[in-house]
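The values are calculated or read from the model by the stated rules, or taken from the named source; none is laboratory data. Nothing here was measured: the structure is a model prediction, and the numbers come from that model. In this analysis, Cβ positions are derived from the backbone assuming ideal geometry, glycine residues included, and neighbour counts consider all displayed protein chains.
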Amino acid sequence: MERIKCAVCNHDRLDEIYKRDILYPKESTVTYLQCEKCGYVFISPTFEPEFYKEYYESIPTKDTGTNDTHYQHTYDFISRHIEPEITIDIGAMYGGLLKLFSGHRIAIEPADIDTKGIQYHHCMLGEQPSYLANIADLVTACHTLEHALDINDFINEIRKLLKSNGHVYIEVPSCESITESVGNTLYWGHISMFSRSTLNRLMWNHGFEPIEIKISTNKDRPQLMGLYANKQTRQDIQGYIIDHIGFIEQSLDKALKRFKPKGEVLIWGFGQDCMDFLSKLPEKESKVRYTTDKHTEIQDKNKSIIKVVDKVKTGKFRKFKIEKPEGHKPDQIYIAVKNFVIAKDIQKEAKEMYPNAEIIKLY
Ligand SMILES: [Zn+2]
């Protein structure tokens with residue numbers, strides 16, 4: 001049998017902290033497991049997904065309207081930070097929270113909404129139409145994540161709805177302040193029991209940064225309220241790297257333009273900057289063979305004019321001792337290194353060794 005793993009940190013050592021028999025709605029025994037590493041608490045085993053769906057659909061619900069102070073409390077918490085133009089609420093019930101927001105409002109998994117101004121989708125999260133992808137400034141999920149059979153799927157589905165700079169608001173029962181709570185939080189439908197640290201950790205795993213997280217002061221229903229920002233999407237991070245590659249390519253292009261070999265040429269560089277330049281040299285020059293071993297001295301078999309020295313020794317701090325490349329009388333020396341300190345050292349050494357040579361910095 002496959003070992004049960006923590007859904008937050010993937011650790012497989014779990015402590016059994018409580019076992020309880022339940023009679024309703026199905027006679028069974030559930031165990032509360034806690035991850036030894038991150039502390040996440042969850043129920044095992046769970047029932048079949050269809051069982052929960054049928055059960056929740058059979059529960060009668062009541063429209064508490066917008067006068068519910070609970071919704072107002074949530075709205076106030078969120079609106080201190082953001083003013084969303086498009087809000088999607090998961091498990092929206094009667095739209096009590098959505099009604100407080102202005103802008104475009106969309107309900108997924110609503111109880112029975114037919115409120116003017118709210119677009120509603122009677123489907124489960126994950127079954128919503130594709131045109132809802134990447135449109136939301138804010139996705140709210142109040143008292144739904146703790147019911148999710150797969151918390152990672154749940155957050156992934158939320159991410160699909162969000163704009164790249166969108167926010168997520170998660171509200172779940174808080175296991176940090178339930179001691180004397182009259183609401184029985186150890187309810188079989190709550191698959192997960194979150195603390196601030198486990199919720200934060202889950203959200204971090206999905207690339208969300210906490211904006212504000214707190215435990216509400218409502219003693220009857222202590223809950224965690226967390227607002228998260230989707231600041232760095234995968235595309236953003238890829239963009240930074242692609243921009244950096246563009247910058248490197250640009251500086252290489254400039255270096256190639258500066259390279260106008262005359263007579264015997266010595267390319268004197270260090271590390272990747274030097275190798276990048278050599279790899280970009282035109283066909284004629286790139287026939288030069290070179291090695292990257294100890295001295296990286298390139299000797300052209302066909303008596304090419306190009307010789308490369310990568311003979312920089314690290315000595316004292318910020319001081320690079322350079323050994324004189326033997327057997328050369330270059331007319332030109334090209335310095336192929338971006339680092340200002342190393343380039344300066346090479347320039348100094350080159351001037352002393354070959355006072356008559358023209359010295360050109362490639363970068
Ligand atoms: Zn864990």
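What the table below lists for this structure:
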item: Region 202-240 - residue that is buried (at least 19 other Cβ atoms within 10 Å of the Cβ) and touching a residue at least 60 places away in the same chain (Cβ under 8 Å) and, of those, nearest to the ligand (Cβ to nearest atom); result: 202
item: Test: residue 8 is within 11 Å of the ligand (Cβ to nearest atom), modelled with pLDDT of 85 or more, assigned by TED's automatic domain parsing to the domain that holds residue 188 and surrounded by 15 or more Cβ atoms within 10 Å (Cβ to Cβ); result: no
item: Condition check for residue 113: assigned to a strand (DSSP E or B), modelled with pLDDT under 95 and surrounded by 20 or more Cβ atoms within 10 Å (Cβ to Cβ); result: no
